[in-house]
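Peer 1: There's a structure below that I have some questions on.
Just so you know, all these numbers are worked out from the coordinates, no wet-lab data involved. Note that the coordinates shown come from a computational prediction; the quantities given were computed from them, not determined experimentally. Here the Cβ positions follow ideal geometry from the backbone for every residue, glycine too, while neighbour counts run over all protein chains shown.
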């Protein structure tokens, strides 16, 4: 926003400038955490469940913020604390104004916007898509988990004026949340990676999960493009005649014709996309990420790119990170999140990867509602069927995995206990999958 002025920022956010100069060049980005404030940032005092960010406006200004945007009750204190040359913006609801400001900046950019959602794999698909686009278009993608009603606007506001493609991840736990994000982002292309049994605690059925994800399709502008899995019956009723539908996967508009492994962790992919051949060099080989790549290629073509060559993807943290430990043990650190779909995919890839033994360290899959125990039991069955050698569960709920598993088993109460156990039982040549819902904190196993 540096190319705009304080007057533009105030107008875009529907704010009143209570202190500062309307002609001052705009901020470089927006932040909501005083610990992240750098010189030139706009601090937005969002109300949280534990604290009201507006109360920290003086701290943000003291850290060098360009200015602050706060609600009425915090304005006077902010004006008093604001040094010369800084701005104080007053708004009724800082979170709503953050979204409004982001939408206006998205319009100013004029970039192609792709929104990515799905029950699993949306972050990896976002990362792959950004890497596919980067050689041809100035691309900005939401970092890590900036995918909520707070994170998505912040991701947009980090984009520079030169941005030509904006790749935004969209998360949801309930109805109406994808619609809210779509209203802010106004995507040209909407990608739904998949639909599966997640957030059942709130939504109850997979059909309602599909409907919540399909808010992205429903709210696209006429003439936009949606990218969806080929043959996904749960999305069929949500497709529209006034937008273009691109399907990916077997039988779709974008299909994997061949994959040849050329290294320990990658290979060459030959893809057909809308009747044209695409050749990519990939630094990964997981079947689920190959499918995610097809979704990414479909979205890239939809915004006018011509995918090809090496895909230099940097995956977000805790998502399939391969860590080689001393002693010849390899760990796949995939503990950012877990649900039945992603758990099956990760176990399948573990089973297909060469190793002396294959160990799975699994934490709870959260938010599965009344059927949680059944889902966990089924994953234990899956691990058994795939020939996993050792199963370590973390936490009380996760012990339900053991009921369906017949191999060597251990039950740890905490990630730290699982880490100590792993040090004892892991042997040279072993490959270890670490996976569970974010709430379990399995990253502490490798701390």
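Peer 1: Please report the equivalent ellipsoid semi-axes of the stretch 321-446, computed as sqrt(5 x eigenvalue) of the Cα gyration tensor, largest first, in whole Å. Spell out each step's value before the answer.
Peer 2: Values: eigenvalues 85, 47, 33 Å².
For the stretch 321-446, the ellipsoid semi-axes come out as 21, 15, 13 Å.
Peer 1: How much of the DSSP bridge set in the stretch 6-93 is antiparallel, in percent, rounded to the nearest 5? Each step should come with its number before you reach the end.
Peer 2: Values: 4 of 15 bridges.
The antiparallel proportion sits near 25 percent.
Peer 1: Cα axis of helix 287-302 to longest principal axis of the chain: angle in degrees, 0 to 90, nearest 10?
Peer 2: That helix lies at roughly 40 degrees to the long axis.
Peer 1: Let me ask another. For a quick protection proxy, order the peptides 393-402, 126-135 by their average other-Cβ count within 10 Å, most packed first. Numbers along the way, then the final one.
Peer 2: Numbers: 393-402: 22.0, 126-135: 25.6.
Per-residue mean Cβ counts within 10 Å order the peptides as 126-135, 393-402.
Peer 1: May I ask for the Kirkwood hydrodynamic radius of the stretch 190-299, worked out over all distinct Cα pairs and given in angstroms to one decimal? If you can, show how the numbers build up before the last one.
Peer 2: Numbers: mean 1/r = 0.0670 Å⁻¹.
With all distinct Cα pairs of the stretch 190-299 included, I get 14.9 Å.
Peer 1: Specify the angular offset, from 0 to 90 degrees and rounded to the nearest 10, of the alpha carbon long axis of helix 72-81 from the longest principal axis of the alpha carbons in the chain.
Peer 2: Here the helix axis deviates by roughly 70 degrees.
Peer 1: What is the packing order of peptides 189-201, 54-66, taking the mean over residues of other C-beta atoms within 10 Å and listing the highest first? Provide the component values of the computation, followed by the final result.
Peer 2: Working: 189-201: 24.4, 54-66: 20.5.
Ranked by mean Cβ neighbours within 10 Å, highest first: 189-201, 54-66.
Peer 1: May I ask for the distance between the Cα centers of the stretch 120-154 and the stretch 240-313, given as a whole number of Å?
Peer 2: Result: 17 Å between the Cα centres.
Peer 1: For the stretch 300-387, compute the orientation-averaged projected area of the C-alpha convex hull (one quarter of its surface), in nm². Numbers along the way, then the final one.
Peer 2: On the way: hull surface 34.8 nm².
For the stretch 300-387, averaging the hull's shadow over all directions gives 8.7 nm².
Peer 1: May I have the pair-distance distribution P(r) for the stretch 6-93, computed from all Cα-Cα distances with 5 Å bins from 0 and rounded to whole percent?
Peer 2: Taking all Cα pairs of the stretch 6-93, the binned fractions are 3, 18, 31, 28, 17, 3, 1, 0 percent.
Peer 1: To test your reading of the geometry: what angle, between 0 and 90 degrees and rounded to tens, separates the Cα axis of helix 372-385 from the longest principal axis of the chain?
Peer 2: Approximately 50 degrees, to the nearest ten.
Peer 1: For a label point 7 angstrom out from the Cα of residue 107 toward its Cβ, which stretches of the stretch 10-31 have the backbone nitrogen within less than 16 Å?
Peer 2: 10-15
Peer 1: Relative contact order for the chain: what percent, with Cα pairs under 8 Å and sequence separation of 6 or more?
Peer 2: Dividing the mean separation by the residue count of the chain yields 11 percent.
Peer 1: Expressed as a rounded percentage, what relative contact order does the stretch 110-311 have, with Cα pairs under 8 Å and six or more residues apart? Don't skip to the end; give the middle numbers.
Peer 2: Numbers: 446 pairs, mean separation 43.7, N = 202.
RCO, the stretch 110-311: 22 percent.
Peer 1: Can you give the FRET efficiency to the nearest 0.05 for residue 323 and residue 201, using r as the Cβ-Cβ distance and R₀ = 25 Å?
Peer 2: Working: r = 31 Å, r/R0 = 1.26.
That gives a FRET efficiency of 0.20.
Peer 1: If you take every DSSP beta bridge whose two residues both sit in the chain, what share of them, in percent to the nearest 5, is antiparallel? Don't jump to the answer; show the numbers that get you there.
Peer 2: Working: 25 of 79 bridges.
In the chain, approximately 30 percent of DSSP beta bridges are antiparallel ones.
Peer 1: Tell me the relative contact order for the stretch 227-266 as a rounded percent, counting alpha carbon contacts under 8 Å between residues six or more apart. Numbers along the way, then the final one.
Peer 2: Details: 32 pairs, mean separation 15.2, N = 40.
The value is 38 percent.
Peer 1: Let me ask another. Quick one: check the C-alpha center-to-center distance for the stretch 324-369 versus the stretch 180-211, whole angstrom.
Peer 2: Cα centroid of the stretch 324-369 versus Cα centroid of the stretch 180-211: 25 Å apart.
Peer 1: Please report Rg over Rh for the chain, where both radii come from the alpha carbon positions and Rh follows the Kirkwood definition. Show your work: numbers first, answer last.
Peer 2: Values: Rg = 23.3 Å, Rh = 23.3 Å.
Here the Rg-to-Rh quotient is 1.00.
Peer 1: Which value results when the Cα radius of gyration for the stretch 75-234 is divided by 2.2 N^0.38 Å? Spell out each step's value before the answer.
Peer 2: Working: Rg = 17.2 Å, N = 160, 2.2 N^0.38 = 15.1 Å.
Its radius of gyration relative to the 2.2 N^0.38 Å reference: 1.13.
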